1. Simple spin-label model, 7 Å along Cα-to-Cβ: Asp77 to Thr20 in nm?
2. Tell me, what % of the accessible area of the chain is carbon and sulfur with a 1.4 angstrom probe?
3. Specify whether the C-alpha gyration tensor of the range 21-65 places it in the rounded, prolate or oblate class, a ≥ b ≥ c being the square roots of the eigenvalues: rounded for a/c under 1.5, otherwise prolate if a/b is larger than b/c and oblate if not.
4. Would you work out the charge dipole size for the chain about its Cα centre, treating the Cβ of every Lys and Arg as +1 and the Cβ of every Asp and Glu as -1, and quote it to the nearest 20 debye?
5. On each of the three principal axes of the Cα atoms of the chain, give max minus min coordinate, whole Å, ordered largest first.
6. For the chain, what is the accessible area per residue in Å², given a 1.4 Å probe and the full set of protein chains?
Amino acid sequence: MALSWVLQDEDRAQRLLSLTGLEPDHLRHALGDPAVLASILDFLANHERDLLSASEALDLSPDIIVAARNRLAPPPDEM
């Protein structure tokens, strides 16, 4: 859900690819990879405007998006 929301906007999609280092082909083939999913949610969590917009569009609280990101890839101090 979050990825489809990110990809709906070309500028946001390009920013995701630029900041994460992901490439479109890799992204398509790695959608089941927890690290890739965490990268997508990390992208949202680190950009408050996008986080709030995604939260509203997906009808989820921002805390749920951040919690999902932390569950996929716990911060170093929680390992």
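1. Placing both labels 7 Å along Cα→Cβ, they lie 2.6 nm apart.
2. Solvent-exposed carbon and sulfur of the chain make up 51 percent of the total.
3. Because a/c hits 1.5 or more and a/b exceeds b/c, the range 21-65 counts as prolate.
4. Its charge dipole is roughly 100 debye.
5. On the principal axes, the chain reaches 31, 26, 19 Å in Cα extent.
6. 67
The values are calculated or read from the model by the stated rules, or taken from the named source; none is laboratory data. Everything numeric in this text was worked out from a predicted model, so none of it was measured. Because the Cβ atoms are built from the backbone with ideal geometry, glycine has one as well, and the counts that use them run over all protein chains shown. To get the accessible areas, we keep the full protein, side chains included, count just its heavy atoms, and leave off ligands, DNA and RNA. Shrake-Rupley method; radii C 1.70, N 1.55, O 1.52, S 1.80 Å.
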